[in-house]
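**Q** Dumping the structure here so I can ask a few things about it.
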Amino acid sequence: MLRRIAEVGLAVLIAVVIGFWVWPRVDRTPAHASSAARNTQLAPGAAQPVFNFVSALPKGDWTEPAGDLANTRYSPLDQINAQNAKSLKPIAMFSDGIPHGQEGQPLVVNDTMYIVTPFPNNLIAIDLKNLTGPVKWVFHPHPNPVAQGKACCDTVNRGAAYGDGMIVYQLLDDHVVAVDAKTGKQVWRTETGNVYVGETATSAPLIVKDKVYVGNAGSELGVRGKLTCLDLKTGKILWVAYSQGPDSEVRIGPDFHPYYKKDQGANLGVKTWTNDMWKHGGGTIWGWISYDPELNMIYYGTGNPGVWDADMRPGDNKWSITIFARDADTGYARWAYQVEPHDNYDYDEIMENILIDMNWDGHPRKLLLHPSRNGFMLVMDRQTGELLSAKKFVDSTNWASGYDLKTGLPIKNPAKATHEGIVTQGICPSSTGAKEFVPSAVSPLTGYLYIPTHNTCMNYEGLHANYIAGTPFLGASVKMYPGPGGFQGALEAWDLKTQTPVWSVKDKTYPVYGGVLATAGNVVFYGTLEGWFRAVDARTGKILWQYKTPSGIIGDPMTFLGPDGKQYVAIYSGIGGWMGAVAFPDISMDDPYAALGVVGAMNGIKQASPPGNNIFIFGL
Amino acid sequence: MQIRMVGLLLIVLAIACTGCESPGVTEGDAPPMPATAVPVGPIPGNGVAPPLGSTDPYINNPVALEEGRKLFVWYNCYGCHGGHGGGGMGPSLRDQSWMYGSTDAQIFYSIAQGRGKGMPAWGTKIPEDQIWKLVAYIKSMRTPNEPDPPR
């Protein structure tokens, strides 16, 4: 009995100590300025964490697109928990007045919320101390209207990053702009691309120390993918790393050591293409960028190779559909791993790369988690680029049966290969992927990765295409439709230890096209294309609470501490993006090949989800 | 005065459409129009009703419609406006909504002159008779004459 009391006492003591350590400190230090490299934070009484964090977590504020630099989208805030989430209610709501897709997430810095709108890419500052009053200010950058007709998949923007007192983000017409976070005045603006040849910019920057990293978009228009690094203070371009071309332009030097033989050799960015096709080789970087402070390396994925007609570009087409690891200062590549050589399906791998430290086969390893567009959950050693595991996370996936971990190559299904002039039927997933760019979240409390998944398939015919600058270099006729099983999407919990799915919340009608947030309160947040915003139990997948917003959710939830010290959760409601654009009046339902083939997968969306953007803030 | 204005516009159009002329329309054919007849409607560009005679010579010509469909793919129109014109990066051509006018000539000018939200000006790239074939194909959408309709 005494022993029992001692055990309980010890447990309580541990819980109190951990609880004291963890209890929300209203610390508004930007994540990247914190020196804490590892700060696994446990809820009181929780079991050992399944993994360790690599970069500092967001506390009261949210200063980077994913909250932290490692793209975990995990918040240590736990005031909203699995017990009280049912009492969530809307606290405030703002319209940005734009009926185009609202992707990404707001930032919160010093009691101010910052929202980047789709084109015309206005920046709106909301005073969190005055939620019923007028907005603080709106910055109007007036980008070139031509950009609207060059963006493949709606005129979206995936958000901003904060650094050195500035909000930094990309404009659709290939400019990076830095705006004074207090005054709303432009500090600098730098042109990074040529909108007239079809280059656009939709992704969120990453800010690390004194540098800003941005990627471009436009693989459907035959542009060259590139990552641009700018000086945070001045906006000066420091270096550019292309996704194809000679090694000097890809920034491949003597420190480049790809793990697999297939990725080794000189000037593969030219040699793996026919003639000069690499000059229109796509491989744009329109997704997320991650950073490991200890290794001082950045990680990102590249998009599809230029022209979807695979027969027009014999070869591996490097470095499209590739995960790059680069020195964060010099930009020189340390390793690269091409996820799918010679893409047949438009499987951009610009997905989030989530960096965690975890035991793998009994040894601590520095991992990179990459839930692929192609349906396989890639687990990699982020120091070496070795592929450790690649299991299917969406059952219908049939373009390949798996990955050969020895060679790093996918085991392709020849029956699903695509060719010019031939309609290959029943390819799963569709070009929109087993998941889209919308980011997953991970929790150390459950050891689960929460993936927003799609179950969409397609018929695909390669078409010979002419390169005409500034027009789509597309080369395919694609028709998508819901996959087998009676559902088209799910929020899926994936066990990191066993690399198997644990539970899923299925969406019968539409893919899950919004991002995910995991919190220390064991609550996972996400939204649906029909506009439902949900709080789900992180352990069981039980829907704890949901709220119907007026339009489809394609944005990512984030959480912060308000000026009153209370936890809030924010989400955009505003349909659009590639699949969501079918809700717009200027896309016709009687052409299933419209909008690059997504119309056939979006039945009823015009009625289910009218366009129009709002941001919602929820609290207890 | 009005004649001079119309003449000037035709010269501007000719420059925008190098190497091609509107069929059956020359400067001398342009009718004098009183200023009050010039619409100031929502159509950007010249703001004048298209000259008489500029109807599409290929409307409902099955061979030309097939040709128009091929050109629609050849010039990458389908990449923006959808595989069969249902829209995407650019607006649907299958619906009843026409931002810049739905007459043959207005559609011709939208292709030839381009539009401000990203529609390229094709007048210097595509011969005039091919533009008219594209117009004929676009106007055939959702009609029984549409070649290779979506299915």
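The values are calculated or read from the model by the stated rules, or taken from the named source; none is laboratory data. As the structure is a computational prediction, the values presented were derived from the model and not from experiment. Cβ coordinates were reconstructed from backbone atoms using ideal geometry, including for glycine residues, and neighbour counts include every protein chain displayed. In case anyone asks, the SASA skips ligands and DNA or RNA and just uses the protein heavy atoms, side chains included. Shrake-Rupley method; radii C 1.70, N 1.55, O 1.52, S 1.80 Å.
**Q** I need a count of the residues in segment A:237-265 that are within 20 Å of A:Gly193 (Cα to Cα), among the polar types (S, T, N, Q) and surrounded by fewer than 17 Cβ atoms within 10 Å (Cβ to Cβ).
**A** Quick first cut of segment A:237-265, residues within 20 Å of A:Gly193 (Cα to Cα) only: A:237-246, A:248-251.
So of that shortlist, the ones also among the polar types (S, T, N, Q) come out as A:243-244, A:248.
Still in the running and surrounded by fewer than 17 Cβ atoms within 10 Å (Cβ to Cβ): A:248.
Matching residues across segment A:237-265 total 1.
**Q** What number of residues within segment B:126-144 are buried (at least 21 other Cβ atoms within 10 Å of the Cβ), away from chain A (no Cβ under 14 Å) and not aromatic (Phe, Trp, Tyr)?
**A** Result for segment B:126-144: 5.
**Q** Any residue at all in segment A:175-184 that's within 14 Å of another protein chain (Cβ to nearest Cβ) and touching a residue at least 12 places away in the same chain (Cβ under 8 Å)?
**A** No, segment A:175-184 has no match at all.
**Q** Please enumerate the residues belonging to segment B:114-146 that are farther than 16 Å from B:Asp104 by Cα and aliphatic (A, V, I, L, M).
**A** Within segment B:114-146, B:Met119, B:Ala121, B:Ile126 qualify.
Here's the yes/no breakdown for (1) away from chain B (no Cβ under 14 Å); (2) under 30 Å from B:Lys117 (Cβ atoms); (3) not aromatic (Phe, Trp, Tyr):
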position	(1), (2), (3)
A:Met93	yes, yes, yes
A:Pro120	no, yes, yes
A:Trp137	yes, yes, no
A:Gly159	yes, yes, yes
A:Tyr162	yes, no, no
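**Q** Please verify whether segment A:574-586 includes one or more residues that are in contact with a Pro (Cβ under 7 Å, 6 or more places away or on another chain) and in a strand (DSSP E or B).
**A** Among the residues of segment A:574-586, not one is in contact with a Pro (Cβ under 7 Å, 6 or more places away or on another chain) and in a strand (DSSP E or B), which makes the answer no.
**Q** So is A:Ile571 within 14 Å of chain B (Cβ to nearest Cβ), among the aliphatic types (A, V, I, L, M), touching a residue at least 40 places away in the same chain (Cβ under 8 Å) and buried (at least 24 other Cβ atoms within 10 Å of the Cβ) or not?
**A** no
**Q** Next question, about the same structure. Which of the residues that make up segment A:305-338 are in contact with a Phe, Trp or Tyr (Cβ under 7 Å, 6 or more places away or on another chain), of a type in the set (S, T, N, Q) and either assigned to a loop (DSSP other than H, G, I, E, B) or within 14 Å of A:Gly462 (Cα to Cα) (or both)?
**A** Scanning segment A:305-338 gives a single hit, A:Asn317.
**Q** Still on this model: State whether one or more residues within segment A:101-108 are open to solvent by less than 10 Å² (accessible area, probe 1.4 Å), aliphatic (A, V, I, L, M) and out of contact with any helix residue (DSSP H, G or I) (no Cβ under 8 Å at 6 or more places or on another chain).
**A** yes
**Q** Which condition does A:Val582 not pass, out of (1) among the β-branched types (Val, Ile, Thr); (2) within 14 Å of chain B (Cβ to nearest Cβ); (3) open to solvent by 20 Å² or more (accessible area, probe 1.4 Å), if it passes all the others?
**A** Result: A:Val582 fails condition (3) only.
**Q** Within segment A:83-133, considering only strands (runs of 3 or more DSSP E) that don't extend past its boundaries, which have at least 1 residues that are within 23 Å of the chain's Cα centre (by Cα)?
**A** A:107-109, A:112-116, A:123-127
**Q** Now a separate question. Please pick out the residue among B:Ser102, B:Ser97 that is within 14 Å of chain A (Cβ to nearest Cβ) and either surrounded by fewer than 24 Cβ atoms within 10 Å (Cβ to Cβ) or among the small types (Gly, Ala, Ser) (or both).
**A** Exactly one residue qualifies, and that residue is B:Ser97.
**Q** Read through the list (1) surrounded by fewer than 20 Cβ atoms within 10 Å (Cβ to Cβ); (2) at pLDDT 90 or above; (3) within 14 Å of chain A (Cβ to nearest Cβ), then give the number of the only condition that B:Gly86 fails.
**A** (1)
**Q** Still on this model: Restricting to segment A:450-468, name every residue that is within 11 Å of chain B (Cβ to nearest Cβ) and of a type in the set (Ser, Thr, Tyr).
**A** Scanning segment A:450-468 gives a single hit, A:Tyr467.
**Q** Can I ask one more? So for segment B:92-109 (the condition being aliphatic (A, V, I, L, M) and closer than 21 Å to A:Gly218 by Cα), does at least one residue qualify?
**A** no
**Q** Being closer than 19 Å to A:Phe256 by Cα and of a type in the set (A, V, I, L, M) is the filter; apply it to segment A:266-288 and report the residue that is surrounded by the fewest Cβ atoms within 10 Å (Cβ to Cβ).
**A** Among those that are closer than 19 Å to A:Phe256 by Cα and of a type in the set (A, V, I, L, M), it is A:Ala266.
**Q** Under 30 Å from A:Leu388 (Cβ atoms), in contact (Cβ under 8 Å) with a residue 24 or more places away in the chain and either in contact with an Asp or Glu (Cβ under 6 Å, 6 or more places away or on another chain) or of a type in the set (Phe, Trp, Tyr) (or both), is that true of A:Phe473?
**A** When the stated conditions are applied, A:Phe473 does not pass them.
**Q** Further, regarding this structure: If the Cβ limit is 7 Å and pairs must be 6+ apart or interchain, which residue in segment A:608-620 that is over 16 Å from A:Arg534 (Cα atoms) pairs with which residue that is of a type in the set (D, E, K, R)?
**A** Within 7 Å, the pairs are A:Ala608/A:Glu530; A:Ser609/A:Glu530; A:Asn613/A:Asp96.
**Q** Same structure, new question: Among the residues of segment B:66-83, is any away from chain A (no Cβ under 14 Å), over 14 Å from the mean Cα position of the chain (by Cα) and within 15 Å of B:Lys139 (Cα to Cα)?
**A** Yes, the conditions are met somewhere in segment B:66-83.
**Q** Quick test for you: out of B:Ser92, B:Ser97, pick the one residue that is of a type in the set (Ser, Thr, Tyr), modelled with pLDDT of 95 or more and part of a loop (DSSP other than H, G, I, E, B). Quick ask: steps written out before the conclusion?
**A** On the way: B:Ser97 fails: modelled with pLDDT of 95 or more.
B:Ser92 is the lone residue from the list that is of a type in the set (Ser, Thr, Tyr), modelled with pLDDT of 95 or more and part of a loop (DSSP other than H, G, I, E, B).
**Q** When the residues of segment A:593-603 are narrowed to those that are assigned to a loop (DSSP other than H, G, I, E, B) and crowded, with 24+ Cβ neighbours inside 10 Å, which ends up farthest from the other protein chains (Cβ to nearest Cβ)?
**A** Per the stated criteria, the residue is A:Met602.
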